[in-house]
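Structure, as structure tokens:
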Amino acid sequence: MVLSNYSHLLPVYRPHAALDDAERIAWIRADRWLETARARGALARLEDLLSYPARDRMPCLLLYGDTGMGKTKIIRKFLRDHPACFDRGTGVTSMPIVAMQMPAEPLERDVYGELLSALGAPGPMTDSTYRLKEVCRSLLRSMSVRMLIIDEIHAMLAGSFRQQRIFLNVIRFLANDLKVPLICAGTDLARQALLTDPQLAERFEAFHLDRWADNSQLSQLLSSLAGILPLRRPSELGTAAARRRVLDLTQGVTNRVFRLIETVAVEAICNGSECITADSFANDELVLPLVSMTRHMERGLQRRASR
Ligand SMILES: Nc1ncnc2c1ncn2[C@@H]1O[C@H](COP(=O)(O)OP(=O)(O)O)[C@@H](O)[C@H]1O
Ligand SMILES: [Mg+2]
């Protein structure tokens, strides 16, 4: 192996480039957090709400965007930044932030059931809805919860109209009763559903995760990736051609951008080129990592063929 200082990589990532191929491929495929400009904005907004003084009507936030735009990633990162902590002296666990998933159906008792498991206290689900609600309320207080997050809020749309109304009442109850900011994350459909309740529409501020476009934020994302991926030669991800190819293949969806770059990076290791260039994306044999991307490509090809 040629000795190199891999100066195209950020200093802490340079040692990775010296690892063998299998290790580097595993590293590329591993889960990681990358702070994009929009994600940073969302986290700052969440921090701001967390430090909001308690008052009767706490502001609420709807984090919305298409599937794969990184909503759940942002929530997980925020949870890591504010973990639960156990006080040995008092024997009490405090949990500054509780994040729960929407149940598959928007049933009131399932919502409280999910909330209880998010609080680490899955209770007997045979209890009455009223009882579950009371247990949630008292736990949220005793654990000093300062923010409640509900992810995948669009799952409420799986319910009947009546179930959706009842679910919105639960949300309204939580927002009014707990005096903590309520954060909901979901798709644009979730936003439309929330807005059908005038009181909630009044309370919720919306934060949209925009799809990537050909601008400096995308350049930054691609250059961050070029600075961390353990390839031995400098990549050319900063060019307009590379940006256009990435946008063409991903329609600007965060998840697809990450998967695409990972795929071409692994390919660059396998074929020995050790760098990503605009040509890496032109490779016909590139197995597109996501079904959604393949489908889009096929539609594009069909359109071209039918012209
Ligand atoms: N900030 C980020 N850093 C690293 N990977 C990310 C980031 N945002 C999104 N991703 C990638 O996109 C995938 C989908 O993100 P996710 O948060 O599940 O989207 P959503 O909840 O909006 O549907 C993640 O599994 C991850 O691979
Ligand atoms: Mg999600």
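The values are calculated or read from the model by the stated rules, or taken from the named source; none is laboratory data. Model, not experiment: these values are computed from the prediction. Every residue, glycine as well, gets a Cβ built from its backbone with ideal geometry; the counts of neighbours run over all protein chains shown. Accessible surface areas use protein heavy atoms only, side chains included; no ligands, DNA or RNA. Shrake-Rupley method; radii C 1.70, N 1.55, O 1.52, S 1.80 Å.
Annotations
- When the Cα atoms of segment 52-208 are aligned to their principal axes, the ranges along those axes come out at 46, 35, 31 Å in descending order.
- Ratio of the Cα radius of gyration of the chain to 2.2 N^0.38 Å, where N counts its residues: 1.18
- Counting only protein chain heavy atoms and rolling a 1.4 Å probe, the accessible areas of 151, 188 rank, largest first, as 188, 151.
- Computed [θ] at 222 nm, helices only, for the chain once each DSSP H run of length n ≥ 4 contributes -39500 (n - 2.57): -15500 deg cm²/dmol
- Rg of the Cα atoms in segment 13-55, relative to 2.2 N^0.38 Å, amounts to 1.94.
- Beta bridge orientation in the chain: antiparallel %, DSSP, nearest 5: 15
- Angle of helix 216-228 to the longest C-alpha principal axis of the chain, folded into 0 to 90 degrees and rounded to 10: 70°.
- Computed from label points 7 Å out along Cα-Cβ, the spacing between residue 205 and residue 51 is 1.3 nm.
- Rolling a 1.4 angstrom probe over the chain with all protein chains present gives an accessible area of which 52% lies on carbon and sulfur atoms.
- Volume of the Cα convex hull of segment 158-253, divided per residue and given in Å³: 159
- Positive-end extreme of charge dipole, the chain - chosen from 217, 78, 49 (charges on Cβ): 49
- Segment 1-150: relative contact order as a whole-number percent, Cα under 8 Å and 6+ apart: 18
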